[in-house]
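Step one of this worksheet: look at the structure below.
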Amino acid sequence: MNSIDLRSDTVTVPGEEMRRAMATAEVGDDVYGEDPTVNRLQAELAERLGKEAGLFMASGTMSNHVALNTHTSPGEEVICHRWSHVFNFEGGAGPAMSGVGFNLLDGEYGVITAEQVESVVRPDSIHYPTTGLISLENTHNKAGGTIFPLEEIRRIRKVADTYALPMHLDGARIFNAVVATGIEPQQWAEPFDSMSTCLSKGLGAPVGSVLLGSKDFIRKALYVRKRFGGAMRQAGILAAAGLYALKNNVDRLAEDHANARRLAEGVNGIEGFSVDLTGAQTNIIMIDVTGTGVSEETVQISLAEKGVQVHTFGTGFLRAVTHLNVSAEEIEKALEVFSEVAESL
Ligand SMILES: Cc1ncc(COP(=O)(O)O)c(C=O)c1O
């Protein structure tokens, strides 16, 4: 049997139609601003998210760190959640590429409050680092694809305004939040000075993220992207996959969410496993395996031997992610495998 790969929504493989769109893309030299397909993708996402301009990036990591670098100066501090992708999973890019530190806050489901943010804004004193940026993540990867409530984002925006701080959104999976809540993309994006969104996660493109913001911000980000080695030439071949994904793969995220829900409820009913169903809000589920009495690595290996791949994700936890290459039938098969593994341990 082919394995059912639930490690990440980044494992998707482009289908025939997406590949055709890539192969036939109109291209030019994007360093000269002459790639019509890149320009279309940037303009389309800017419009969908209500920002003035967009900039195509090789990855979500590059997009986040071009944003951090554009907003801050070395020695400054970025306020974010302790589990943030920008802090944990981007190879230390903040300190390495931009000389920034992180001021980390804790909060359930990846959510931090306006009061918490305000409590760590640094006073105007030479003894402290200067607070340079507030960075939020929506949906939140490590918290399990959870949605950051819009009301709280707006309250944090008020704190940002009080202290004249910019706000960045790591919106790698913002379309999952859009589809799960029905709240329009522009409303999610509005409180932020910049946001990054990924085409290579649930949307199924092989490569690419787009950074969005004001024309002035994107002009500055263009210099930083060049400096980071991210200015590409006939990148329209990649952007075409992004345009195809935006047209065809946004609404279908609802299927991934339904599959994740089914998986969460099913796994939660198997002895030894437990899933916090409140946290299972989009396409990522976190499975507590401590009830099995063995380590998460042991469970992961047993699942893989029977054809289901998941990630270990912190002590006692596995992460499973649904995506466009996993069907509802495969979720049922995966559940059978979880049951078999639970019985065999
Ligand atoms: C929330 C979040 N932000 C950023 C990224 C980075 O994206 P990339 O892998 O394209 O660098 C990821 C990757 O999974 C992510 O989950």
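Where Rh denotes the Kirkwood radius from the mean inverse Cα pair distance, what is Rg over Rh for segment 131-185?
1.00
Run a plain Debye calculation on segment 1-159 (Cα atoms as equal point scatterers, no solvent) and give log10 I(q)/I(0) at q = 0.09, 0.12 Å⁻¹, rounded to two decimals, same order as the q list.
With one equal scatterer per Cα and no solvent, log10 I(q)/I(0) is -0.41, -0.70.
Considering the options SER194, ILE284, SER8, tell which one lies farthest towards the positive end of the dipole of the chain, charges being +1 on Lys and Arg and -1 on Asp and Glu at the Cβ, about the Cα centre.
So the residue we want is SER194.
Taking 0.36 nm per intervening residue step and subtracting the Cα-Cα distance, what contour gain separates LYS226 from SER119 on full extension?
Result for the pair: 34.9 nm of gain on full extension.
Which order do peptides 108-120, 51-63 fall in by mean Cβ count within 10 Å, highest first?
51-63, 108-120
So what is log10(I(q)/I(0)) for segment 190-345 at q = 0.19, 0.21 1/Å, when the Debye sum runs over its Cα atoms only?
-1.08, -1.23
Could you work out [θ]222 nm for the chain from helices alone, using -39500 (n - 2.57) per DSSP H run of at least four and dividing by all its residues? Round to the nearest 500 deg cm²/dmol.
Calculated at 222 nm, the ellipticity per residue is -12000 deg cm²/dmol.
Give the carbon-plus-sulfur fraction of the accessible surface of segment 249-317 in %, rounded to a whole number; probe 1.4 Å, heavy atoms of protein chains only.
In segment 249-317, the share of accessible area belonging to carbon and sulfur is 48 percent.
Which percent of the accessible heavy-atom area of segment 100-240 goes to carbon and sulfur, probe 1.4 angstrom?
51
Counting pairs of Cα atoms in the chain, how many percent are more than 33 Å apart?
Every Cα pair in the chain considered, those over 33 Å come to 29 percent.
By average Cβ neighbour count within 10 Å, what is the ranking of 319-328, 72-81 from highest down?
My ranking of the peptides, most packed first, is 319-328, 72-81.
Would you list which lysines come within 26 Å of LYS247, measuring only between C-alpha atoms, while excluding same-chain residues fewer than 8 positions from it?
LYS51, LYS201, LYS215
Taking the solvent-accessible surface of protein heavy atoms with a 1.4 Å probe, what is the per residue accessible area of segment 80-234 in Å²?
About 41 Å² of surface per residue is accessible.
Compute the signed sum of charges (Lys and Arg +1, Asp and Glu -1) over the other residues within less than 13 Å, Cβ to Cβ, of ASP35.
-2
Can you give me the distance in nm between label points at LYS247 and GLU34, each placed 7 Å from the Cα along the Cα-to-Cβ direction?
2.5
The values are calculated or read from the model by the stated rules, or taken from the named source; none is laboratory data. Treat the numbers as computed from the prediction; the structure is a model and nothing was measured. All Cβ positions, even for glycine, are placed from backbone atoms using ideal geometry, and neighbour counts span all protein chains on display. To get the accessible areas, we keep the full protein, side chains included, count just its heavy atoms, and leave off ligands, DNA and RNA. Shrake-Rupley method; radii C 1.70, N 1.55, O 1.52, S 1.80 Å.
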